[in-house]
Amino acid sequence: MYRDGYNNILLRSMSQNELRLLEGHMERVKLPFRMNLERRGRPIEFIYFLEAGIATIVARMPKGRDVEVGLIGYEGMTGAAAVLGDECAAHECFMQMAGEGLQVPVAALTLAVSRSTQLRNLLLRYAQSLYIQATYCALSNVRSKFEERLARMLLRCHDRVKGDTLVLTHEVLAVMLGVQRPGVTLGLHILEGESLIRASRGEIIIRNREGLIQRTNGSYGVPVAEYRRLIGTDACPRGKTTFYIDPIAR
């Protein structure tokens, strides 16, 4: 299988020699909604290079005080901790939007990384992009108003799908944002009233992406730009605007 046969950006960024180290161990699998890809404190068994769908990395506290700290779509992979030399997952990781991907045993990936400095460097740069994503999640959670956080979340999901329809329920968004469901419903109504989205049962349609970016008040975009810098290609589907207001320059 050639690089052009993949939708995953990391796989498409690998040389043929790097791909050969992995392809004999790859298995294409369906990734249904809510499928667990990693469990906190447990050994990482498989790495998943997502081809479609969205996985969320969730940090958990007692009494259901969970919050999303990272999203993974066709631009990335699960199990970045294994590239850093850790055997266990620090957080939960599960599918929030069903899709498919390439499953690779963690032992096979670890061996491939040990044989190729170029592959190791690529995956380490991706791990750095996840770290940047997590830090901006923390910044947004503390400094942004709820509607700004909601707009940012919708954009981050929009980055990882083709088209403008997000298959997301209010309950899913509540988990990802670490809030109660009524807060999500109110926030969606506000964004819909501003003609930025159209919300219906089980799906959200992005109507004005540029306006949604402006609505984030500068909290969206830096991780997108940093991914582009680190990996050398844009993580956002072609044709989708990725400009942002730099919060440092404001």
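For region 176-200, name all the residues that are of a type in the set (K, R) and over 29 Å from M61 (Cα atoms). Within region 176-200, R198 is the sole residue that qualifies.
Conditions (1) outside the structural domain of L196 (by TED's automatic domain parsing); (2) out of contact with any strand residue (DSSP E or B) (no Cβ under 7 Å at 6 or more places or on another chain); (3) over 21 Å from Y227 (Cα atoms), marked per residue:
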| residue | (1), (2), (3) |
| --- | --- |
| A81 | yes, no, no |
| C88 | yes, no, yes |
| E92 | yes, no, yes |
| A127 | yes, yes, no |
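Taking the numbered list (1) surrounded by fewer than 23 Cβ atoms within 10 Å (Cβ to Cβ); (2) of a type in the set (A, V, I, L, M, F, W, C); (3) modelled with pLDDT under 95 in turn, C137 passes all entries but (1).
To keep it simple, each residue is scored yes or no on (1) of a type outside the set (S, T, N, Q); (2) surrounded by fewer than 20 Cβ atoms within 10 Å (Cβ to Cβ).
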| site | (1), (2) |
| --- | --- |
| T117 | no, yes |
| S129 | no, no |
| C157 | yes, no |
| R160 | yes, no |
| G211 | yes, yes |
| Y220 | yes, no |
| A225 | yes, yes |
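Residues in region 185-209 that are within 12 Å of L154 (Cα to Cα), more than 20 Å from the chain's Cα centre (by Cα) and in a helix (DSSP H, G or I): G187, L188, L191. When Y74, Y48 are checked against the criterion of being modelled with pLDDT of 95 or more and either in a loop (DSSP other than H, G, I, E, B) or not assigned by TED's automatic domain parsing to the domain that holds A127 (or both), Y74 stands alone in meeting it.
Being of a type in the set (G, A, S), farther than 16 Å from L119 by Cα, crowded, with 21+ Cβ neighbours inside 10 Å and modelled with pLDDT of 95 or more is a property that does not hold for A98.
The values are calculated or read from the model by the stated rules, or taken from the named source; none is laboratory data. Quantities reported herein were computed from a predicted structural model and do not represent experimental measurements. No Cβ is skipped: glycine too gets one built from the backbone with ideal geometry, and neighbour counts run over all protein chains shown.
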